[in-house]
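Trainee: Before I ask anything, here is the structure I am working with.
FYI, it's all coordinate maths here, none of it is from the lab. Here the structure is a predicted model, which means the values were calculated and not measured. Methodologically, a virtual Cβ is constructed for each residue, glycine included, from the backbone with ideal geometry; neighbour enumeration extends over all protein chains shown.
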Amino acid sequence: MIMAIVATALFVITACDKKDDDDSGGGKEESGVVTLTAPPYKDVARILNITQDNAEGIKQLRMMESGAYMITRADGTQSARATRAGLGDLLYEFGKFTYSDGKYVFDNGMTISFEQSGQNVEVTITWKNGTSIKTTGTIDSSGAVTAGVFTDNLCSRPWKIDRVIVSAVFQGKTLGREFKGPVDLAEVKAWYEDSFGKLKDQFDANTIIEGIYFDSKGLFAINYQNRKDDVAVWRWTNMDKGDLVYNWNDKLNAISLFTGNASVEFTKTPESCKLILKGNVNSIDFEFTFYMK
């Protein structure tokens, strides 16, 4: 189950709240750290682990600070099979929600409300057709990512890809190319093979990156148009420098160019984020610099 996998992954990822005195770089202002728009649902972000098997295979409901949600299902129902495939027999579905009067309204037509008593909750799910069920769950109170302005900035929205610059060091030379967002990884693969030779990776035709999600409980997901989302857990390695590390839940199927080290910078005018994902394939070092809004 994804909850056990995430818990395991957290043991292999370390967080460090080490202070840094260097105020240089696009992510800083003279008066301090750049502060972007606050996460709109920070106060009502929740992770609900469903403990009954009466909710169309739903195992987890994750409402993120940005207003994005992730539903984790067991692959057992027709409605679940219509979503993107996930780890093993789990499937992930992403979308957006709004919150009002104690109810989370998802853009897939579902409405969620719950009554909490300690860690235990009674959950009411209303489906798109208007029928409802009651189920039970628990609130996930696992350790959060180190809090701070950088964390709030990352979790302030589902980031959309504006453009990406791919660069690689090969035989002492740095080669690079810019791709417009959403990014078709088949184009990246063609550039790679023109420059470096055959690439064995999961770049099918129209494998297109639309955006990237973060939440303060440690979820990191790359969102594609037409293939399963790559889901990982993340932690700061040095928050003040914007350095982080992530660990894939499904290492066999995740895009192998993205190997787990990253850094971020934020700018306020316009509000944007530069995310650098680092990797190594066939002894070639890569950087994917995503410019996101």
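Trainee: Any chance you could run the full-extension gain for Gln225 through Val169? It's 0.36 nm times the residue separation minus the Cα-Cα distance, nm to one decimal.
Mentor: Roughly 17.2 nm would be gained on extension.
Trainee: Let me ask you something else. Output ³J(HN,Hα) for segment 258-275: one whole-Hz value per residue in order, computed from phi by the Karplus curve 6.51 cos²θ - 1.76 cosθ + 1.60 with θ = phi - 60°, and x for Gly and Pro.
Mentor: 9, 9, x, 10, 8, 8, 10, 9, 10, 10, 9, 10, x, 5, 8, 9, 10, 10
Trainee: Still on this structure, please answer the following. For the residue pair Lys96 and Ala144, what label-to-label distance in nm results when each label sits 7 Å from Cα along the Cα-to-beta-carbon direction?
Mentor: Distance between label points: 2.4 nm.
Trainee: Follow-up. Given labels modelled 7 Å from the Cα in the Cβ direction, how far is it in nm from Val105 to Val281?
Mentor: Roughly 4.3 nm, to one decimal.
Trainee: First measure r as the distance between the Cβ atoms of Lys160 and Thr131, then evaluate 1/(1 + (r/R0)^6) with R0 = 45 Å and state the FRET efficiency to the nearest 0.05.
Mentor: 0.85
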